[in-house]
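Since every read-out is calculated from the coordinates, none of them should be taken as a lab result. Please read these numbers as outputs of a predicted model, since none were measured by experiment. Here the Cβ is made from the backbone with ideal geometry for all residues, glycine too, and neighbour counts use every protein chain on show.
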Amino acid sequence: MPKEKSYLEGKKILAVDDEGDVLDTIEEALEMARLDKARDYKTALEKIRLNKYDLVILDIMGVDGLKLLEKSVERGFPTVMLTAHALNAETLIASIRLGAISYLPKEALAEIDQMLEELLAAHDSGQPTWKLLFDKLGDFFNEKFGPSWKEKDKAFWSEFSRSYVISKGIQSRLAHDEKVLSKGI
């Protein structure tokens, strides 16, 4: 029986991480896609400015990923944050506010192809990517951050859970999304 075609097939993806082995793992997992890689902020920024991507994957630490996130969102690229060392509630919230479509722990690298396929398909069809993430990894975040980790930023999470949309980041991303702009929205 033939294998079903991956949603990531032929997609142009930028992966940015200062760790070469992480980039190698991403490259191996995403062999169906056209992958660009960068190991530092300057190279990544140049690639973001000069190319068009269907998806951008950014490490937070080592490459100034949150600054790159702003630039990627400005260009209208769906962007996923990937982290090990900055795995905390504060960078999760910052990623949401800046317009990332997801926030993945590097511990999920073994399933990155499946996760990205589901996230990008959800994003492209207008489904809430953050709901998908929390449905899949909510228990992981509760274990890592503690069972009451959302209490510190209760107002943020209350509003967020109602809509899974954070205005500034989403508005910025949508303001640059050709699919939305072409509909006159």
**Report entry** Computed label-point distance, nm, for sites Lys12 and Glu27 using a 7 Å Cα→Cβ extension
**Finding:** 1.9 nm
Query raised in the report: Does anything in region 79-93 have its amide N under 12 Å from the 7 Å Cα→Cβ label point of Lys152, and if so which residues?
Result: 87-93
Requested in this report: May I ask you to derive the relative contact order of region 87-136, considering only C-alpha pairs under 8 Å and at least 6 residues apart, and to give it as an integer percent?
Outcome: 34 percent
Query - Student exercise, the chain dipole from Lys, Arg, Asp, Glu Cβ charges, in Debye to nearest 20 - result: 900 debye
Query raised in the report: From the Cα gyration tensor of region 1-51, with a ≥ b ≥ c the square roots of its eigenvalues, which class applies: rounded if a/c is under 1.5, or else prolate if a/b is larger than b/c, or else oblate?
Result: oblate
Query - Of every Cα-Cα pair in region 25-76, the percent that sits beyond 19 Å - result: 23 percent
Query - Loop-located trypsin sites (Lys or Arg not before Pro) in region 2-46, at most 11 other Cβ atoms within 10 Å (DSSP) - result: Lys3, Lys5
Report summary line: Square roots of five times the C-alpha gyration tensor eigenvalues of region 55-94, ordered largest first and given in whole Å, equal 17, 10, 9
Query raised in the report: Between rounded, prolate and oblate, where does region 88-158 land on the alpha carbon gyration tensor, with a ≥ b ≥ c its root eigenvalues, rounded for a/c under 1.5, else prolate if a/b exceeds b/c?
Result: oblate
Report task. Pull up the cross-link candidates among the aspartates and glutamates for Lys5, meaning alpha carbon to alpha carbon under 15 Å and not fewer than 8 places away within one chain. Result -> Glu31, Asp113, Glu117, Glu118
Report summary line: Computed ³J(HN,Hα) along region 63-76: with the Karplus parameters 6.51/-1.76/1.60, θ = phi - 60°, integer Hz and x for glycine or proline, the list is 10, 6, x, 5, 5, 5, 4, 4, 5, 5, 5, 4, 7, x
Query raised in the report: Suppose R0 equals 25 Å; then what is the FRET efficiency for Phe145 and Asn51 from their Cβ-Cβ distance, rounded to the nearest 0.05?
Result: 0.10
Query raised in the report: Among Leu133, His85, Leu68, whose Cα lies farthest out toward the positive end of the dipole of the chain, if unit charges sit on the beta carbon of Lys, Arg (+1) and Asp, Glu (-1)?
Result: Leu68
Requested in this report: Provide the three semi-axes, in whole Å and in decreasing order, of the ellipsoid equivalent to region 37-123 as defined by the square roots of 5 times the Cα gyration tensor eigenvalues.
Outcome: 18, 15, 13
